[in-house]
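The structure appears right after this line, and notes come after that.
The values are calculated or read from the model by the stated rules, or taken from the named source; none is laboratory data. Quick caveat, the model's predicted, so the values are computed rather than measured. Cβ coordinates were reconstructed from backbone atoms using ideal geometry, including for glycine residues, and neighbour counts include every protein chain displayed. Heads up: the accessible areas ignore ligands, DNA and RNA and are worked out on the full protein's heavy atoms, side chains in. Shrake-Rupley method; radii C 1.70, N 1.55, O 1.52, S 1.80 Å.
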Amino acid sequence: MATTTTAGAAAFLPERRTLDDLRAAAASCEGCGLYAPATQTVFGEGDPHARLVFVGEQPGDREDRTGRPFVGPAGQLLRSSLREAGIDERTVYITNAVKHFSFVERGKRRIHQTPKRIEIRACGPWLENELAAIRPDLVVALGSTAASTLLGTEFRLTKHRGTVVRSPLAERVVATIHPSAILRTIDEATRAAEIERFVADLRFARETLEAPPAE
Ligand code: URA
Ligand code: SF4
């Protein structure tokens, strides 16, 4: 096991911080130990002027191989749910709290591992600067890793799911379930119900965007 003591992504931030600058710099980030076994950095993608940004946890196997976020099974579910919620995928920006795939090898398979708190923190400057460059009107946190990154570890999805909350990184954040968690449900009926609830949260996000701001 490699033990690395690094200062995190901050040491790799470029001077100019447009999305393109950030993406280029993140490609050679060694801010935590995750870069070494992974194939490549998977930076966010989408409309640089998006009003709506989605934040997942970290790239999975498919994302690691292709270098693009949410292109595997969870991404398929996210994209079909977006369509169902009336959100045009081309108008949003999709990224992750952690930019490298964290996994353990079991034979030929690479099994996803939840990123550690220290890795999430190390990677924070990328997300922070992506959001600063885009300045979206609403951020949707997909699952508890994204939610705790944006809203702190006190945040409980069970309590605040589907409500608009404020984050130091974005004025308005809505947290919902991660599509991978939906895919892990065993029986069909539960899965269908979870998808429906997920789509309802996405629809709520769209309506929140369309509604005039409260203040
Ligand atoms: N799960 C995530 O959280 N992000 C991805 O990019 C893919 C799967
Ligand atoms: Fe850098 Fe984030 Fe990758 Fe760690 S996970 S090496 S902080 S880009």
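Of the residues that sit in the stretch 81-106 and are surrounded by 15 or more Cβ atoms within 10 Å (Cβ to Cβ) and hydroxyl-bearing (Ser, Thr, Tyr), which one is nearest to ligand 1 (Cβ to nearest atom)? Result: THR95.
Open to solvent by 10 Å² or more (accessible area, probe 1.4 Å), more than 22 Å from ALA25 (Cβ to Cβ), assigned to a helix (DSSP H, G or I) and more than 16 Å from ligand 2 (Cβ to nearest atom): is that true of THR158 in this structure?
Criteria met by THR158.
State whether the residues of the stretch 117-125 include one that is farther than 24 Å from THR41 by Cβ, open to solvent by 50 Å² or more (accessible area, probe 1.4 Å) and touching a residue at least 24 places away in the same chain (Cβ under 8 Å). No; the residues of the stretch 117-125 include none that is farther than 24 Å from THR41 by Cβ, open to solvent by 50 Å² or more (accessible area, probe 1.4 Å) and touching a residue at least 24 places away in the same chain (Cβ under 8 Å). A residue that is outside any helix (DSSP H, G or I), at positive phi and in contact with a Gly (Cβ under 9 Å, 6 or more places away or on another chain) can be found somewhere in the stretch 2-13. Checked across the stretch 15-22, the condition of being within 16 Å of ligand 1 (Cβ to nearest atom) and either surrounded by 15 or more Cβ atoms within 10 Å (Cβ to Cβ) or at positive phi (or both) holds for no residue. The set of residues from the stretch 42-55 being open to solvent by 20 Å² or more (accessible area, probe 1.4 Å), within 19 Å of ALA146 (Cα to Cα) and either free of Cβ contacts under 8 Å to residues at least 24 places away in the same chain or assigned to a loop (DSSP other than H, G, I, E, B) (or both) comprises just one member, ARG51.
Among all residues of the stretch 25-40, there is none that is touching a residue at least 12 places away in the same chain (Cβ under 8 Å), within 16 Å of ligand 1 (Cβ to nearest atom), among the small types (Gly, Ala, Ser) and on the phi > 0 side of the Ramachandran plot. Selection of the stretch 169-204 for residues being part of a loop (DSSP other than H, G, I, E, B) and in contact with a Leu (Cβ under 8 Å, 6 or more places away or on another chain) yields LEU169, ILE177, HIS178.
The rows are residues; the columns are (1) modelled with pLDDT of 95 or more; (2) not aliphatic (A, V, I, L, M).
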| position | (1), (2) |
| --- | --- |
| GLN113 | no, yes |
| CYS123 | yes, yes |
| LEU127 | yes, no |
| ALA132 | yes, no |
| SER167 | no, yes |
| GLU171 | no, yes |
| LEU202 | yes, no |
| ARG206 | yes, yes |
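Search the stretch 23-33 for residues being in contact with a helix residue (DSSP H, G or I) (Cβ under 6 Å, 6 or more places away or on another chain) and either more than 28 Å from ILE87 (Cβ to Cβ) or of a type outside the set (A, V, I, L, M, F, W, C) (or both), and hand back the single one that is surrounded by the fewest Cβ atoms within 10 Å (Cβ to Cβ). The selected residue is ALA25. From LEU78, LEU138, which residue is touching a residue at least 40 places away in the same chain (Cβ under 8 Å), away from ligand 1 (no atom under 11 Å from the Cβ) and open to solvent by less than 10 Å² (accessible area, probe 1.4 Å)? The match here is LEU138.
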